[in-house]
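What follows is a set of notes on a single structure, which appears directly below.
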Amino acid sequence: VIGAVRGLGEALVGGQEAGEEIVVGEDRLGDTLAVVARRPARQRQAVVPAAGGGTCVRACTDGGDVLDDAAALELAALVRDAANALDFAEPWFDLEWVRDAGGFKLVQA
């Protein structure tokens with residue numbers, strides 16, 4: 001399950017905003033991933049970097065998916081690879097990520 005918001009993730013982690021939820025399933029025989037369910041974001045505001053440092057809040061309009069299917073599958077593959085590398089035997093683990101112009105980066109596991 002992927003949780004995503006526009007702006008910085010602290011709005012999602014702190015519970016101020018209900019982000020987009022994307023459920024990705026894995027066909028273990030074919031080693032393929034697919035988006036199997038979505039719940040759109042209900043985001044009223046986004047936490048963004050402030051010009052002088054720190055963060056600020058700005059109004060946010062729901063304008064479609066936070067992550068399209070291709071981006072969600074790219075992230076799911078990265079998370080699956082990281083979980084395997086960290087030897088997470090159970091399907092319950094938490095990996096935190098960010099995305100910028102350079103792509104996805106894992107920041108915490």
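Every read-out reported here was derived from the displayed coordinates using simple, explicitly stated rules and does not represent laboratory data. What you see is a predicted model, and the numbers here were worked out from it, not measured in a lab. All Cβ positions, even for glycine, are placed from backbone atoms using ideal geometry, and neighbour counts span all protein chains on display.
Here the relative contact order of the chain, from alpha carbon pairs under 8 Å that lie six or more residues apart, stands at 20 percent.
Using Cβ point charges alone (K and R +1, D and E -1), the dipole size of the range 1-85 about the Cα centre works out to roughly 380 debye. I need the P(r) histogram for the range 33-77: all alpha carbon pairs, bin width 10 Å from 0 out to the longest distance, whole percents. It works out to 23, 35, 32, 10, 0, in whole percents. Helix 69-85 and the long axis of the chain differ in direction by around 60°, with both axes built from C-alpha atoms. Toward the positive end of the charge dipole of the chain, with +1 on the Cβ of Lys and Arg and -1 on the Cβ of Asp and Glu, the farthest Cα among 92, 72, 3 is that of 3. Here the range 71-102 is scanned for amide nitrogen atoms under 18 Å from the site 7 Å beyond the Cα of residue 32 along Cα-to-Cβ, giving 71-78.
Size of the range 51-109 from its Cα atoms: along the principal axes, largest to smallest, the extents are 41, 28, 22 Å.
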